[in-house]
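To start, the structure under review is shown below, and the notes come after it.
The values are calculated or read from the model by the stated rules, or taken from the named source; none is laboratory data. Since the model is a prediction, treat every value here as computed from it, not as a measurement. All Cβ positions, even for glycine, are placed from backbone atoms using ideal geometry, and neighbour counts span all protein chains on display. Calculation scope for accessible area: heavy atoms of the full protein, side chains included, ligands and nucleic acids excluded. Shrake-Rupley method; radii C 1.70, N 1.55, O 1.52, S 1.80 Å.
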Amino acid sequence: MWKRDEAVRPASGQPTAAPQPPAPAQVGAVVPRPAETGNRLEKDIVNIGKSVVIKGELNGSEDLTIEGHVEGTIQLRDNVLTIGPNGRIKAQVFAKAVIVRGAVTGNVTASDKVDIRDNGSVDGAIGSPRVAIAEGAHFRGSVDMQRKGGSEKGPKPAASQGAASQQQPQPAGAPQRVGA
């Protein structure tokens, strides 16, 4: 019924295999990217394994995934920092975006977004225009959601808040705010 076409068979006598489509990338797998695509330079992703311990200052201009332990300061101002499920960070963190799946003890400042995923933990202050905390995540500290175009120094002084409260009439017997 079915007949093979002998003309398609290679001369070496080995059967040909149909070209396989590329396998889909697994979630969390590092996919190597070409160094350059067109005129745009691609960003590399760097991994710090779970057996690595770093104490001191960590600076970079690449996206970084940490599965190990870092103590000190992490600065990736124009890049994404991902703390993996095994990552344990005791540091001040400055990045474009921070994704937390492990544990962070220290202040986290991001110019774009801080995302604490399920089972992630942050103990410290967060400063970012966007913050997401998943159900099952742990967070203890304060959140300052300053705007991108706003001051990098934090919230406005209390004097501006006091002016707003003076414009609204206070009900009789309501407690008065004294000082800033």
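See the values below:
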quantity	calculated
Sequence ranges 121-132, 87-98, 52-63, ranked by mean other-Cβ count within 10 angstrom, highest first	87-98, 121-132, 52-63
Highest-first arrangement of 134-143, 69-78, where packing means the average Cβ count within 10 Å	69-78, 134-143
Segment residue 55-residue 135, length gained on full extension (0.36 nm per residue, minus Cα span)	25.7 nm
Contact order relative to length of region 45-134, as percent, for alpha carbon pairs under 8 angstrom and 6 or more apart	19
Å² per residue, accessible surface of region 52-109 at 1.4 Å	44
Potential lengthening between residue 62 and residue 123 on full extension [0.36 nm per residue; Cα-Cα distance subtracted]	19.5 nm
